[in-house]
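S.K.: Supplied in C-alpha cells, the structure appears directly below.
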Amino acid sequence: MAEIALHDVRKSFGDFTAVTSSTFTVKDGEFFVMLGPSGCGKTTTLRMIAGLELPTSGRILLDGEDVTFNRASKRDIAFVFQLFALYPHMSVRQNISFPLRTQRLPRREVRARTEEVAKMLQIDTILDRRVTGLAAGDRQRVALGRAIVRRAKAFLMDEPLGALDAAFRETMCEELRLLHERIGATTVYVTHDQIEAMAMADRICVMNRGEVLQIGAPMEVYERPATRFVAGFLGSPSMNFLTAEGGFAPGADAIRIEGARLAMPTAREGLACPEAIVGARPEHISIADDGALRGRVFAVEYMGARQLVTVETAAGRLRVRTPNTVRVATGETVGLAFDAERLVVFDPVSDRAVRSALFDHSGALA
Amino acid sequence: MSSAAVRVTDTSPRGKMIAGTLVIAYALLTMIPLVWIVATSFKSPPDSISYPPKVLFEPTLEGYVNLFTTRSRQTPEYIDSLGPPATWYDSLVRERNMVITGESRFAGRYMNSVIIGFGSTFLAVFLGTLAAYAFSRFRIPLRDDLLFFILSTRMMPPVAVAIPIYLMYRGLGLSDTHLGMILLYTAVNLSLSVWLLKGFVDEIPREYEEAAVVDGYTRFQAFIKVVLPQMRAGIAATAIFCLIFSWNEYAFALLLTSGTAQTAPPFIPIIIGEGGLDWPAVAAGTTLFLVPVVVFTVLLRRQLLRGITFGAVRR
C-alpha cells in the first residue's frame, strides 16, 4: 500500500503537449478516479505513474521514494489494461500466476495465492480453462486477479470496464468498489464515464487538454465545480449556462439576466467583465408562476419519476428537471425559479468559477 | 420459415458443387506429374522408357538401389563365381549382370541439402524474428527506408548477381562450402522473413508486453514469454516459405557447389546409369527429395494458410 505523489509532471510528444504540469497526491488506500474526455491526458498520466512512459519533466514519488526513472518492472505497481491484455496462449491459472512466477516464490505458495485470488473473484471453477473462450466478465475478473495476486503497492486501471456492455458495467462497478474496500489498496482508475467515476471514487480528478482542472470528492466536484468545463462535463443532462449582464463587486448577492433579477450565493470576489456566465443544474431550476425568468415550453421528456422540460427563454434554451407531478404542456408560457444557493458564476474570460458563499468551507478554488 | 436462415453471402448448393468439382479437377491435374515421378521411381529401366508409357507395371526397387549404389557390369561367369548373393539388393543387381562396387554420393548430397536447407531456414527465421520485433517496436531512424532497402534485395533476378557472387565466393574461400551456401540462402530469405514476421509482430498488441513489464519481467523476458508464443503461427509459416526456397534452389547450387557442399537439386539430374540417364534412379531421387518439404508443409499447413491469407482480414 502506498501514497502516489506527482510533482510538476509534464509530458509532451514532439510538439504535442499531452500533460501540462500536474501536481497531486493520491492518498494511501484511496480510490482515485481520473476523469476526462478522450485525449485529455489521463491515460498518459497513468502510464507515467506505471513507468510505461517517462515524463518530460517533473518527479513521481511512490511512498516517498522517487521512482521517476525507475523501470516499470521495478515499481511494484499492478496495471489493468483496457482490453485486459490476457495472454492468449496461457490458461486462466497461468495468467493469474504470471506476475508471481518471476518472483522465485515456492511453487506451493504460487498455487495457494492464485487459488485464493480466484476464489475471491469467483473464478476458481474456470482456473484451468483457456482465456480465449471466456466471456467478457470472466476475462475482466482474470485481469483483476492478475493485478491483485501480487499484492502490489498500488493498482492502476485504464478504463477496465470500457469493453463491457452497459448493464454488466454497473455490476462490475459495484464489485470493483467492494473489492477495493476489502483490499484497501491505493487505486488510480482512469475513465471517461462520469457515472463510473461518481459511483466508485473517493476523489475525482477532472482533466481536460492535459490539464488537471479540479480534484475533489464526487459531491464536491459536482456541486462546486471549479471551472466551466468541469461543470459542463459532469451531470446528465449537463448544466445550463446563461449569460448575465454586468459585473459585480464582492458581497453582491444577485445578478441580472435579460432584465430579471436572480439571487445568487454572496460573491466573495468581484467580476469586472461586462458579462458573466451563470451555471444552473437542471435540478436546481423549478417551474413557478412567480419565477424571475419567463419562457415558453419547447419540449417535455417524460423520464419516469422525473421529467425534463426544455424552456425557451430570452436567455436561451434551459433544461429543467422537475417531478412529473408538475403538469406542463408544450407551448405554454411558464416562470422559472432558481435555487439561489446553488448557482455558480463563471468568469467568461478564464472560465474559472467566481468565489462565492457556495465555495465557503471548500478547498476547490484554493 | 427456413429461408430466414439463408444469407445472401451463403453459397448455393449448386455453386458449392461446381466449385468442388473445379477444385478436385485442378488438384488431380496438378498431381499428375507427382504421381508420374513416384510411379517411375518404382519402374524398371525398360518400363520407364517404354512407348506408349506404361501405366500398369510390375513395381521394383531397382531405381532406389541404383540411386544409392555404384555398380559395374561383369560377365555371368564372374558373377556365378562370387557365390550366393548376401542381400536382396545384391541379387536384384546381379539379375542385370552387375555387381555393387560401393555407395553412391546421393546420401551425402541429400545430407548437404538437409544441413544447408534447415540451417539457412533456422538462421533466416531467427534473425528475421529479432529484426521484425525491432522494426515493429522500436523507434529506428530511417525505419521505412531500411525496410524498403531490405525488400529491394529481392528485386534483382538471381542471374544478375550470379557472377559477382561467384567471384566473391571464390575470393573468400566460400565456394563449395556448407557455410557459404547457408549464408547465401539466409541472405536471400531474410528479406521475406523480416517482412512477413513484422506483420505478425505488428498484430500483437503492445499491451501484452507492457502488462508483462509492469508485472516485473524485463523486456527480453516479456519477448520470450509473451511475444514469441504468440508469433508461433507466423514463425511456422515463414519457416515453410524459407525452407521451400532453400530446399529447391537450383541455380546457385549448380554454380557454387560441385563436391563437398553440393545439394541434391544439381546432383539428381546427373545420375547416369547404364546407357544414358537412369530414369528410375532419377525419379527415386526426386521422390525422396520431395518427402521432407511435403511432410513439413503438411504438418504446418494451418499456419501456412494463415501466413498466405495474412492481412486479408483485419480483426
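S.K.: Filter the stretch A:91-109 for residues that are surrounded by 14 or more Cβ atoms within 10 Å (Cβ to Cβ), within 23 Å of B:VAL227 (Cα to Cα) and more than 8 Å from chain B (Cβ to nearest Cβ) and give the result. Full working, then the answer.
M.R.: The first filter runs over the stretch A:91-109 and keeps only residues surrounded by 14 or more Cβ atoms within 10 Å (Cβ to Cβ), leaving A:91-102, A:105.
Retained after the next criterion (residues that are within 23 Å of B:VAL227 (Cα to Cα)): A:91-102.
Correct list: A:SER91, A:VAL92, A:ARG93, A:GLN94, A:ASN95, A:ILE96, A:SER97, A:LEU100, A:ARG101.
S.K.: Of all residues in the stretch A:73-91, how many are at pLDDT below 85 and either part of a strand (DSSP E or B) or not assigned by TED's automatic domain parsing to the domain that holds A:SER38 (or both)?
M.R.: Qualifying residue count, the stretch A:73-91: 0.
S.K.: Can you tell me which of (1) under 26 Å from the mean Cα position of the chain (by Cα); (2) in a loop (DSSP other than H, G, I, E, B) is the one A:GLY331 doesn't meet?
M.R.: (1)
S.K.: Another question about this same structure. Considering only residues that are more than 22 Å from A:GLU258 (Cβ to Cβ) and of a type in the set (Val, Ile, Thr), which ones fall in the stretch A:307-328?
M.R.: A:THR325, A:VAL326
S.K.: Determine whether B:ALA212 is within 14 Å of another protein chain (Cβ to nearest Cβ) and of a type in the set (Gly, Ala, Ser).
M.R.: On the way: within 14 Å of another protein chain (Cβ to nearest Cβ): yes; of a type in the set (Gly, Ala, Ser): yes.
Yes, satisfied.
S.K.: Please give the number of the condition B:THR260 fails out of (1) assigned to a helix (DSSP H, G or I); (2) under 23 Å from B:ASP176 (Cα atoms).
M.R.: Of everything listed in (1) assigned to a helix (DSSP H, G or I); (2) under 23 Å from B:ASP176 (Cα atoms), B:THR260 misses just condition (1).
S.K.: Taking the stretch B:194-209 on its own, how many of its residues are at the interface with chain A (Cβ under 7 Å from one of its Cβ atoms) and touching a helix residue (DSSP H, G or I) at 6+ places or on another chain (Cβ under 8 Å)?
M.R.: 1
S.K.: Looking at this structure, is A:ALA315 in contact with a strand residue (DSSP E or B) (Cβ under 8 Å, 6 or more places away or on another chain) and not aromatic (Phe, Trp, Tyr)? Full working, then the answer.
M.R.: On the way: in contact with a strand residue (DSSP E or B) (Cβ under 8 Å, 6 or more places away or on another chain): yes; not aromatic (Phe, Trp, Tyr): yes.
Answer is yes for this residue.
S.K.: Same structure again: Which one is nearest to the chain's Cα centre (by Cα) among residues in the stretch A:48-77 that are within 21 Å of A:HIS7 (Cα to Cα), among the small types (Gly, Ala, Ser) and within 13 Å of chain B (Cβ to nearest Cβ)? If you could, list the steps in order and put the result at the bottom.
M.R.: So the first thing to find is which residues in the stretch A:48-77 are within 21 Å of A:HIS7 (Cα to Cα), and the list is A:48-72, A:74-77.
Remaining after also requiring among the small types (Gly, Ala, Ser): A:50-51, A:57-58, A:64, A:72.
Adding the requirement that they be within 13 Å of chain B (Cβ to nearest Cβ) leaves A:50-51, A:72.
Working: A:ALA50: 19, A:GLY51: 22, A:ALA72: 25 Å.
Among those that are within 21 Å of A:HIS7 (Cα to Cα), among the small types (Gly, Ala, Ser) and within 13 Å of chain B (Cβ to nearest Cβ), it is A:ALA50.
S.K.: Related question: Considering the stretch A:218-248 alone, what residues qualify as being in a strand (DSSP E or B), farther than 22 Å from A:GLU301 by Cα and at pLDDT 90 or above? Let's see the steps before the verdict.
M.R.: At the first step, the residues of the stretch A:218-248 found to be in a strand (DSSP E or B) are A:227, A:240-245, A:248.
Filter once more, keeping what is farther than 22 Å from A:GLU301 by Cα: A:227, A:243-245, A:248.
Within the stretch A:218-248, just A:THR227 meets the criteria.
S.K.: Is it the case that the stretch A:167-178 has a residue that's of a type outside the set (A, V, I, L, M, F, W, C), surrounded by 23 or more Cβ atoms within 10 Å (Cβ to Cβ) and either under 24 Å from the mean Cα position of the chain (by Cα) or in the same structural domain as A:ALA197 (by TED's automatic domain parsing) (or both)?
M.R.: Let us first name the residues in the stretch A:167-178 that are of a type outside the set (A, V, I, L, M, F, W, C), namely A:169-171, A:174-175, A:177.
Still in the running and surrounded by 23 or more Cβ atoms within 10 Å (Cβ to Cβ): none.
Taking every residue of the stretch A:167-178 in turn, none turns out to be of a type outside the set (A, V, I, L, M, F, W, C), surrounded by 23 or more Cβ atoms within 10 Å (Cβ to Cβ) and either under 24 Å from the mean Cα position of the chain (by Cα) or in the same structural domain as A:ALA197 (by TED's automatic domain parsing) (or both).
S.K.: List every residue pair whose Cβ atoms lie under 6 Å apart, where the two residues are 6 or more positions apart in sequence or sit on different chains, the first residue falls within the stretch B:217-246 and is in contact (Cβ under 8 Å) with a residue 24 or more places away in the chain, and the second residue, located anywhere, is surrounded by fewer than 17 Cβ atoms within 10 Å (Cβ to Cβ) and polar (S, T, N, Q).
M.R.: Cβ pairs passing all conditions: B:ILE240/B:THR297.
The values are calculated or read from the model by the stated rules, or taken from the named source; none is laboratory data. Predicted model, so just to flag it, every value in this text is computed and none were measured. Reconstructed Cβ throughout: ideal geometry from the backbone, glycine too, with neighbour counts over all protein chains shown.
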